[in-house]
Amino acid sequence: MSDWLRASSPEDRDRGALLRALAGLEGVYVPALYCASYEDGRLVSTVPVGPGVPAEVAKRTISDLADWPYPARPLVPLTEVVHDRLNVEVFRGCTRGCRFCQAA
């Protein structure tokens, strides 16, 4: 995947090909490649709309973050970092919206 991105220029890349390549990676869900069915406002099923798109996306997890190959030179904003710390997003989904939480 990364070889394909390095070998092509942004102008030459086909968005559809990129999305299909991303969908081929374990644990990557590409919403554009699935058709969602709803009943009474609830999700009932998602069906792949193209060949080579997995019917079920396997969850990828890291059991120990200490074993994860953290980048030696992470990307940081060109602004002052709040409290001189670097954030790693672990998950999303909280709906509380606490004032102190950066995710909210």
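The values are calculated or read from the model by the stated rules, or taken from the named source; none is laboratory data. Since the structure is predicted, the reported quantities are computational estimates derived from the model, not experimental observations. Neighbour counts run over all protein chains shown; Cβ positions are idealised from the backbone, glycine included. Surface areas here come from the heavy atoms of the whole protein model, side chains and all, with no ligands, DNA or RNA. Shrake-Rupley method; radii C 1.70, N 1.55, O 1.52, S 1.80 Å.
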For this session: Determine the pairs where a residue that is under 12 Å from Pro54 (Cα atoms) and open to solvent by less than 50 Å² (accessible area, probe 1.4 Å), located within segment 21-37, has a partner that is of a type in the set (Gly, Ala, Ser) and not in a loop (DSSP other than H, G, I, E, B) with Cβ atoms under 6 Å apart, the partner being 6 or more residues away or on another chain.
Result: Val30/Ala23; Leu33/Ala23
Seminar exercise, completed: Of the listed residues (Leu43, Leu25, Leu18), the one being of a type in the set (A, V, I, L, M, F, W, C) and in a loop (DSSP other than H, G, I, E, B) is Leu25
Exercise. Applying the selection to segment 69-104, what residues are at pLDDT 70 or above and surrounded by 10 or more Cβ atoms within 10 Å (Cβ to Cβ)?
Worked result: Tyr70
For this session: Please work out which residue is surrounded by the fewest Cβ atoms within 10 Å (Cβ to Cβ), limiting yourself to segment 48-68 and to residues that are hydrophobic (A, V, I, L, M, F, W, C) and modelled with pLDDT under 85.
Result: Ala66
